[in-house]
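Structure record follows, encoded as structure tokens.
The values are calculated or read from the model by the stated rules, or taken from the named source; none is laboratory data. Values in this document were obtained by computation on a predicted structure and should not be read as measured data. With ideal geometry, Cβ positions are generated from the backbone for all residues, glycine too; neighbour counts draw on all protein chains shown. In case anyone asks, the SASA skips ligands and DNA or RNA and just uses the protein heavy atoms, side chains included. Shrake-Rupley method; radii C 1.70, N 1.55, O 1.52, S 1.80 Å.
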Amino acid sequence: MTSRILRPVRSGNAAQPRSAAPRGARLPLVAAAVVAAGLCAACGPSSESAGSASPTTLAQSATALDSASPSASASTEASPSASASPSASATAQASASPTPARSKSASTAPKPARTSAAPAAPARVPGPGYDSSADGQKQIEAALAAAKADGRMVLLDFGANWCGNCKAADKVFAQPQTSAILGASYHLVKIDIGGNSSANSALLRKYSPSGGTYTMPVLVVVNSSGKVRTDTHTTGNPSLTAEGINAFLLKWAA
């Protein structure tokens, strides 16, 4: 008797397919297997079986990758600072470099030296002889005013046109050296006392009051205030030479 195998009748619903792992779940396993195979090939053959080594290898690989990632990121982060160090040092050097100080010659210009005042022009030296028509008082007043202005002394020369010693003195006054001393230090006033001018005779007695017989020329030095400094009627005349008169003039010029 032949036995028949009864097959179950398929219902109208389609049979459910065998459960299989979704493709998304298979991909990590495949990737892990590939990584494990690569690590095994790189490190050499393992003494353990492939089935027992796979989980450990995968775990170590994952751990190695995880531990390597911070280092890589750290090295990546360190790189910009390393590359930035030259510019940072350059900035530090630029900021630390001393600012050159300004030289005094550039900030402060040198002041021009003051030029000394030009020397005063020499006073006029009258020529030889005596002007009998001149007003002796006005001549003295003008000389005193000029002396107050420039600080020179006033030299009063009382004489006469007929006096030989007066002519000898005039020749010395005309010499260049003596004339230069007179022009630099004196205002010379020549007053005629050889005529009949009572006014000029009064001036002689005013500035040479000792009286008596006068030996001409009478040379009287007065300052700008009219005060007598020396009177040759009292002291005697110097030698009527260039040396004698120059020494006299230089002595009383200051």
Taking segment 207-254 and keeping residues within 14 Å of ARG152 (Cα to Cα), part of a helix (DSSP H, G or I) and in contact with a helix residue (DSSP H, G or I) (Cβ under 9 Å, 6 or more places away or on another chain) leaves LEU249, LEU250, TRP252, ALA253
Going through segment 136-152 in order, the residues found to be within 20 Å of VAL218 (Cα to Cα), surrounded by 20 or more Cβ atoms within 10 Å (Cβ to Cβ) and of a type in the set (A, V, I, L, M) are ILE140, ALA143
For TYR130, the lone unmet condition from (1) at pLDDT 95 or above; (2) in a helix (DSSP H, G or I); (3) open to solvent by less than 70 Å² (accessible area, probe 1.4 Å) is (2)
Within segment 227-241, of all residues that are touching a residue at least 24 places away in the same chain (Cβ under 8 Å) and either basic (Lys, Arg) or open to solvent by 20 Å² or more (accessible area, probe 1.4 Å) (or both), the one nearest to ALA143 (Cα to Cα) is ARG229
Somewhere in segment 198-206, is a residue assigned to a loop (DSSP other than H, G, I, E, B), open to solvent by 10 Å² or more (accessible area, probe 1.4 Å) and either without any contact (Cβ under 8 Å) to a residue 24 or more places away in the chain or not hydroxyl-bearing (Ser, Thr, Tyr) (or both)?
-> no
Contact list, first residue from segment 137-150 and farther than 13 Å from PRO126 by Cβ and free of Cβ contacts under 8 Å to residues at least 60 places away in the same chain, second anywhere and open to solvent by less than 90 Å² (accessible area, probe 1.4 Å) and not in a helix (DSSP H, G or I), beta-carbon distance below 6 Å, six or more apart or interchain, is ALA146/HIS187; ASP150/ALA120
Selection from segment 161-179 of residues surrounded by 16 or more Cβ atoms within 10 Å (Cβ to Cβ) and either in contact with a strand residue (DSSP E or B) (Cβ under 6 Å, 6 or more places away or on another chain) or part of a helix (DSSP H, G or I) (or both) yields CYS166, LYS167, ALA169, ASP170, VAL172, PHE173, THR178
Taking VAL154 as the residue in question, decide whether it is farther than 20 Å from PRO122 by Cα, of a type in the set (A, V, I, L, M) and either out of contact with any helix residue (DSSP H, G or I) (no Cβ under 9 Å at 6 or more places or on another chain) or touching a residue at least 12 places away in the same chain (Cβ under 8 Å) (or both).
-> no
Checking the structure you have, find out if any residue of segment 181-189 is farther than 28 Å from ALA149 by Cα and either within 60 Å of the chain's Cα centre (by Cα) or open to solvent by 60 Å² or more (accessible area, probe 1.4 Å) (or both). no
